[in-house]
Structure formats: structure tokens, C-alpha cells
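Worksheet: one structure, shown below.
The values are calculated or read from the model by the stated rules, or taken from the named source; none is laboratory data. Just so it is clear, the model here is predicted, and its values are computed rather than measured. Every residue, glycine as well, gets a Cβ built from its backbone with ideal geometry; the counts of neighbours run over all protein chains shown. Ligands, DNA and RNA are excluded from the accessible area calculation, which covers all protein heavy atoms including side chains. Shrake-Rupley method; radii C 1.70, N 1.55, O 1.52, S 1.80 Å.
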Amino acid sequence: KHVPFLSFRKVQQTRADHIIPLDPADPNNRFVADARSGNLPNYAFYSPDLDNDGHDPVWPPSTGLAKASKWLQDFLTNRFPPSLRKDTLVIVTFDESYGREQTNRIYTVLLGDMVKPAVEQNPADLDVPYTHYDVLRTIEENFGLEPLAEGDRRARPISGIWR
């Protein structure tokens, strides 16, 4: 449901073997093995399953958040710990805020050797808060890619946090 690349027929037909599960019950799965051997691709997208994506149960919202937080802690501690992340940028972002909350603030964190430690940018302190399109534009800029559409074409790469 949350794997955007599967929306493209070419990916479905020619790259589906590159889409691998991260089975939490299997400590020797391909993602972990590739990370341990330093064999991760230049870009990887990982989305938790629908049980750990922070949506369920919707009420009370803290229950879904608690499940997502537990999953994220396990992922960053046991599945993809700092010892495996050398020269890697990990971007964790959620896809929506709670209910009809007007500011629509989304939790996003960028982890990696290239990020200044403890840099926090409060949306209230920014002239224009960052959006999902800005995250996408940051990734595109990193790989020298052209924007895909209007949203990321008008977006700005995230700045002020890099070493």
C-alpha cells in the first residue's frame, strides 16, 4: 500500500525481484544480510507493514503510535543499527498527522554521518515549513535527478542540517 514504486508497470515487470520483505521474525533476511555485508543499493525505500505503520488502531491514536514507535526502535536498533549505516542517510517520515489537525505536522527525522547532531528545525521557526515534496527534492538533488512533477519541481531541498 505504501510502496510508491509499485505504481509503475515497468517496476512491476522488471524490478519486482528488488522488492524484498523485512520479516521481523527473520534476523537473516536479505535486507539485514545486505546491510551487514555493505551491499545495500545506493537508494532503498522501506515501508513498515500495515500493522506497524502508525494507523491502526485509529482510536485511541496513541495505540497506533505506540506500535509504530516500537517497530521503529526495533528497526533502527536491531535491523539497521548505526554500525551498519556508515555513509548512509536514513530518512524516517510518516505520511500524515492525526485527524484534522490543521497544521498537518509530520514527524520526519534524518539520521546519518552527514547530518549535524541534534539539529532540530521547528516548523514554527521556518518561513515556509518543509513538506514531503521537499524530502523528495532532497533525494533527487542527492542523485542528480530531475524533478518528477510540479510538486517537487517547486520544492526546495532541505538545508541547514548537513555537515
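In the assembled protein chains, Tyr46 presents an accessible area of approximately 70 Å² (probe radius 1.4 Å). Placing Val128, Val109 in order of accessible area, with the largest value first and a 1.4 Å probe, yields Val128, Val109. Fully extending the segment from Lys86 to Leu40, taken as 0.36 nm per residue of separation minus the present Cα-Cα distance, adds 15.4 nm. Figure note: Arg9, Arg30 ranked by solvent-accessible area, largest first, 1.4 Å probe, ligands and nucleic acids not counted: Arg9, Arg30.
The figure for Phe31 is an accessible area of roughly 30 square angstrom, using a 1.4 Å probe on the protein chains alone.
Extending 7 Å from Cα along the Cβ direction at Leu145 and again at Gln13 yields two label points whose distance is 2.0 nm.
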